[in-house]
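The values are calculated or read from the model by the stated rules, or taken from the named source; none is laboratory data. Because the structure is a prediction, the values reported are computed rather than measured. Quick reminder, even Gly has a Cβ in these numbers, built from the backbone with ideal geometry, and neighbours come from all protein chains shown.
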Amino acid sequence: MELLITLAQIIIAVTIIIVWVFRFDNIQLEFNQYGLSDLTRSMVGAAKISLSTLLIVGIWHSEFILIPTLGIAFLMICALYAHFSVRNPIQKYLPAFGLLCLSLLIAASQLNII
């Protein structure tokens, strides 16, 4: 189970870094579609990158896992709401839903639920 959780942490962190650094042009288009400001986009991006960094640190220091995981889960719920509010097709929901599921898996593991 520990390997699965570590893998989930890496998948979340790498996915967020790829999307927010290498596909930033797509992020700009989506936030414009949602009617959100550049400041909001920058704050969300900074939060996601910071939380992802803490997830990687959590591989070696488990005390850094729970709060970043719950933060990312919250941001993924917000992303799902944004996709829903503009009636995006289902394939636009899938990445956020996948990251939400991985985040909840990690949180459940940290809370000894699973």
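The condition of being of a type in the set (Lys, Arg) and on the phi > 0 side of the Ramachandran plot holds for only one of ARG23, ARG87, that being ARG87. Taking each residue of the stretch 80-92 that is free of Cβ contacts under 8 Å to residues at least 24 places away in the same chain and in a helix (DSSP H, G or I) and looking for partners that are surrounded by 17 or more Cβ atoms within 10 Å (Cβ to Cβ) and of a type in the set (A, V, I, L, M) with beta-carbon atoms closer than 6 Å, six or more apart or interchain, yields LEU80/ALA96.
In the stretch 2-69, counting only helices (runs of 4 or more DSSP H) that sit wholly within it, the ones holding 3 or more residues that are free of Cβ contacts under 8 Å to residues at least 60 places away in the same chain and under 18 Å from SER103 (Cβ atoms) span 2-17, 38-57.
Here the condition is being crowded, with 16+ Cβ neighbours inside 10 Å, β-branched (Val, Ile, Thr) and closer than 26 Å to MET1 by Cβ; of ILE72, ILE67, ILE11, it holds for ILE72 alone.
Conditions tested, residue by residue: (1) at pLDDT 95 or above; (2) farther than 14 Å from LEU75 by Cβ; (3) surrounded by fewer than 15 Cβ atoms within 10 Å (Cβ to Cβ); (4) not aromatic (Phe, Trp, Tyr).
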| residue | (1), (2), (3), (4) |
| --- | --- |
| THR15 | yes, no, no, yes |
| ASP25 | no, yes, yes, yes |
| LEU29 | no, yes, yes, yes |
| GLN33 | no, yes, yes, yes |
| LEU39 | yes, yes, yes, yes |
| MET43 | yes, no, yes, yes |
| ALA47 | yes, no, no, yes |
| LEU54 | yes, no, no, yes |
